[in-house]
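Worksheet: one structure, shown below.
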Amino acid sequence: MRFLRQSLAVAAKDLRSELRSKEALNASLAFALVILLLFSFAFDPTAETTREISGGLLWLVFAFAGTLMLNRSFARELPNDCLDALVASPVPASALFLGKALANLVLLLAVELVSLPVFGVFYNVRWLPHLLPLLGVLVLATWGLAVIGTMFSALTVNLRLRELMLPVLVYPMIIPALMAAMQLTTVLLAGEPVTGDNWLWVRLLVAFDLIFTALALALVETVLLG
Amino acid sequence: MRRTILYALAALGALWLVRNLYVILLALPDEVAQGAIYRIFFFHLPAWFTCFAAFFAAGVASIFYLVRKSPAYDAFAVAAVEVGVAFTAIGLVTGMVWARIIWGIWWTWDPRLTWAFITLLVYLGYLMLRHAIDEAAERAKNSAVLCIFAFASVVITYKAIDWWRTQHPGAVLSFRTGGGTIDPAMESMIFQNWFALLLVALALVLIRMRQERLERELDALRRRAHAL
Amino acid sequence: MTTLAAENLWKYYGDLPALREVTFSVSRGACLALLGRNGAGKTTLLKLLAGLVRPAKGCVTILGRAPREAAARARLGVLGHGIAVYDELSALENLMLFGRLYGLAEPRRAALEWLERTGLAHVRDSPVREFSRGMRQRLALARALLHNPDVLLLDEPFTALDDRAIGVLQALLRDALAQGRTIVMSTHQLREALELATHVALLVRGRLAHFGERTPEMLTEPGRLYRQYGEA
């Protein structure tokens, strides 16, 4: 209970300071829109084939825009040495991590939920009827992205090159989650139900989230202590 | 003493490789369907086995480092990853050469090929992270954590991609298939060559670990000189 | 009674020892002034005491516990070299956040009380970004004292403060000492620190060169200790 309260306090703090400055949020949203625009040059937006890869396109946008957000997660603690004060407090490092990952989940979902209708309009994809299962996929895959991203943001926070390092480390690791999310999103956007083989991808997403959340919670204390 | 062991290992590995080359190139006959190119399997498969072994060992060494905090485990982890990356490259290149001849293309987005490529990227990320951290203890600690994540992710990715249909030839060795699909002489040669490559890999790891140790000592001397 | 003990602490950065065989103990109600040149290891020692960094060898005991135990950290107040307040949040929000993290029963009341005591009540809803250095330092001190810690670790608390702010800070620290709290602070401001200190420690290149009670002579001639160990 106490653990959860502390995590939520950290998450609320991160969200509040991000909403005040909006640095990462604005950058991430603008970037998402730019990529959506760029895709229209790479693929013929009206072709039926584009609709078939819509899930993949959408998740590329989310993954690219997401790292801009994740970069800021621990970097936000750097001015004034705030990280030291958090680690010195009786909050366990795992609660700190969970709070930050939750804040990232909310921020990433916000960007995704803004990009989704824009994507639907630009590429003539009907997403509204499948909103509920789509939300499930969004939350599961975004949590995977948030966990890996937050952990690696902690790993690279003291590096001069952290903005460059984070994407290089994050993308190869989240491939299983991205793959599952792309597959499921494409199926859902095509208006098909999730059946049979596709449940495998849901199971993969859940397993991915569980394994990496557990690993991150177990290892984050080592990372944050000098 | 340590040096003698190292040279002995390397020499044994090299001799065994030469002997294997003789058998592979001159003693064994061509395969019926594929002709001469099938001989690349004697390096392709053992290279992949060696790379799994190296990455697994690096993951275990990283766990040990986090528990014991001894620089020797860190040196082993980085040595094993570097050697593992080299063998990943060998595995990829030998596979591509074979694919060019049999399939007519260098690359196809087949799950196993994709997985191999992702593995290479994940461990290149590990090496890049090491390069970016200057302070030795911090570097060892953070890269150990990354190495554990990397191994988990490589296993999960393997599983995930396995669910896709595959163009890559299936398992051939009898411990996977239950026997009957491969000539015993060939199978024994694959294992023999694997052990030879493992010896070479082990010698490389030991050399790399020695480099790490010397670098640490050099660093200590340099810092002491600065401190004076 | 020993509140804080360091036993044979070693810490390396790379292969350079930042701290070597540092051993000392501080009893309840004492105020230890930690002196030394830049790079002598003061900040490293404070980080080890705060449990932010693990020693390569040796151990730290705070109130009979290891510094990474939550129970020990709950009774520890830390003011680092950076002042550890969030620029986007208001003074009140900053304090309430840490009140929650320390598990206070009434974070808002504690926060308001400390804003009053540090003279920041009138700006409680302004974002910290707009604060002067002195105001930030006072807020940071309020943050460190918020949960009534038994042990206070302060890294350079007097740096960049004007005379008035130094006076406020000294008064707050005197109060804390009078209530039986234990303070360890690193500083370059000898005069201000020595007025408060009951004990003095001098670090020379990572070694504890001197540890003892503060003598009256130190007040009249603050630089003497440095000269005595060839650190003038």
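Key figures
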{"item": "Check on A:V91, touching a Leu at 6+ places or on another chain (Cβ under 9 Å), outside any helix (DSSP H, G or I), touching a residue at least 60 places away in the same chain (Cβ under 8 Å) and surrounded by 21 or more Cβ atoms within 10 Å (Cβ to Cβ)", "result": "yes"}
{"item": "Single match in A:L200, A:L166, A:L210 (criterion: in contact with a Ser or Thr (Cβ under 6 Å, 6 or more places away or on another chain) and of a type in the set (A, V, I, L, M))", "result": "A:L166"}
{"item": "Qualifying position, being hydrophobic (A, V, I, L, M, F, W, C) and touching a helix residue (DSSP H, G or I) at 6+ places or on another chain (Cβ under 7 Å), among A:L128, A:L159", "result": "A:L159"}
{"item": "Every residue from the range B:195-227 that is in contact with a Leu (Cβ under 9 Å, 6 or more places away or on another chain), farther than 24 Å from B:A47 by Cα and basic (K, R)", "result": "B:R223, B:R224"}
{"item": "One residue from B:F42, B:F87 being in a helix (DSSP H, G or I), at pLDDT 90 or above and not charged (D, E, K, R)", "result": "B:F87"}
{"item": "Filtered residue count, the range A:174-193, keeping only those that are within 12 Å of another protein chain (Cβ to nearest Cβ) and without any contact (Cβ under 8 Å) to a residue 60 or more places away in the chain", "result": "5"}
{"item": "Yes/no for B:F41 being crowded, with 21+ Cβ neighbours inside 10 Å and of a type in the set (F, W, Y)", "result": "yes"}
{"item": "Positions within the range A:64-88 being closer than 29 Å to C:P149 by Cβ and surrounded by 20 or more Cβ atoms within 10 Å (Cβ to Cβ), in sequence order", "result": "A:S73, A:F74, A:R76, A:E77, A:C82, A:L83, A:D84, A:A85, A:L86, A:V87, A:A88"}
{"item": "Candidate set: the range A:194-226, residues that are among the hydrophobic types (A, V, I, L, M, F, W, C) and within 14 Å of chain C (Cβ to nearest Cβ); chosen: the one farthest from A:V91 (Cα to Cα)", "result": "A:V223"}
{"item": "Complete set of residues in the range C:23-50 that are more than 20 Å from C:G80 (Cα to Cα) and out of contact with any Phe, Trp or Tyr (no Cβ under 8 Å at 6 or more places or on another chain)", "result": "C:T23, C:S25, C:S27, C:R28, C:G29"}
{"item": "Total residues in the range C:75-98, condition within 8 Å of chain A (Cβ to nearest Cβ) and touching a residue at least 40 places away in the same chain (Cβ under 8 Å)", "result": "11"}
{"item": "Residue within the range C:11-22 that is within 14 Å of chain B (Cβ to nearest Cβ), out of contact with any Phe, Trp or Tyr (no Cβ under 8 Å at 6 or more places or on another chain), in a strand (DSSP E or B) and touching a residue at least 40 places away in the same chain (Cβ under 8 Å) present", "result": "yes"}
{"item": "Some residue of the range C:40-53 being more than 8 Å from chain A (Cβ to nearest Cβ) and in a strand (DSSP E or B)", "result": "no"}
{"item": "Some residue of the range C:32-39 being aliphatic (A, V, I, L, M), over 17 Å from C:L154 (Cα atoms) and in a strand (DSSP E or B)", "result": "no"}
{"item": "Helices (runs of 4 or more DSSP H) (entirely within the range B:123-228) containing at least 3 residues that are more than 14 Å from chain C (Cβ to nearest Cβ), in contact with a Gly (Cβ under 9 Å, 6 or more places away or on another chain) and modelled with pLDDT of 75 or more", "result": "B:136-162, B:184-227"}
{"item": "Among the residues listed as C:A72, C:A56, the single one being more than 22 Å from B:K69 (Cα to Cα), surrounded by fewer than 23 Cβ atoms within 10 Å (Cβ to Cβ), touching a residue at least 12 places away in the same chain (Cβ under 8 Å) and of a type in the set (A, V, I, L, M)", "result": "C:A72"}
{"item": "Criterion violated by A:A32 - all others in (1) touching a residue at least 24 places away in the same chain (Cβ under 8 Å); (2) within 14 Å of another protein chain (Cβ to nearest Cβ) satisfied", "result": "(2)"}
{"item": "Residue check for A:V202: in contact with a Phe, Trp or Tyr (Cβ under 6 Å, 6 or more places away or on another chain) and surrounded by fewer than 21 Cβ atoms within 10 Å (Cβ to Cβ)", "result": "no"}
{"item": "Test result for C:T118, within 14 Å of chain A (Cβ to nearest Cβ), surrounded by 17 or more Cβ atoms within 10 Å (Cβ to Cβ) and of a type in the set (S, T, Y)", "result": "no"}
{"item": "When residues of the range A:133-173 are limited to those that are surrounded by 20 or more Cβ atoms within 10 Å (Cβ to Cβ) and not in a helix (DSSP H, G or I), the one farthest from the other protein chains (Cβ to nearest Cβ)", "result": "A:V157"}
{"item": "Looking only at the range A:70-91, and only at residues there that are more than 7 Å from chain C (Cβ to nearest Cβ) and either of a type in the set (G, A, S) or over 21 Å from A:K22 (Cα atoms) (or both), the one that is farthest from the chain's Cα centre (by Cα)", "result": "A:L86"}
{"item": "Residue in the range A:123-133 that is of a type in the set (D, E, K, R) and touching a residue at least 12 places away in the same chain (Cβ under 8 Å) present", "result": "yes"}
{"item": "Conditions (1) of a type in the set (S, T, Y); (2) more than 20 Å from the chain's Cα centre (by Cα); (3) in a helix (DSSP H, G or I): number failed by A:T185", "result": "(2)"}
{"item": "Long-range neighbours under 7 Å by Cβ, at least six apart or interchain, first residue over 24 Å from A:P167 (Cα atoms) within the range A:41-70, second in a loop (DSSP other than H, G, I, E, B) and among the acidic types (D, E)", "result": "A:T50/A:D44"}
{"item": "Failed item, numbered, when A:V157 is tested on (1) in contact with a Phe, Trp or Tyr (Cβ under 8 Å, 6 or more places away or on another chain); (2) at positive phi", "result": "(2)"}
{"item": "Residues satisfying the stated conditions in the range B:94-114, i.e. surrounded by fewer than 20 Cβ atoms within 10 Å (Cβ to Cβ) and assigned to a helix (DSSP H, G or I)", "result": "B:T94, B:M96, B:V97, B:W98, B:A99, B:R100, B:I101, B:I102, B:P111, B:R112, B:L113, B:T114"}
{"item": "Residue that is out of contact with any strand residue (DSSP E or B) (no Cβ under 9 Å at 6 or more places or on another chain) and more than 28 Å from C:I62 (Cβ to Cβ), where the choices are A:F122, A:F74", "result": "A:F122"}
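The values are calculated or read from the model by the stated rules, or taken from the named source; none is laboratory data. Computed from a prediction, not measured in an experiment: that's the story for all the values here. All Cβ positions, glycine included, derive from the backbone under ideal geometry; neighbour counts span all protein chains shown.
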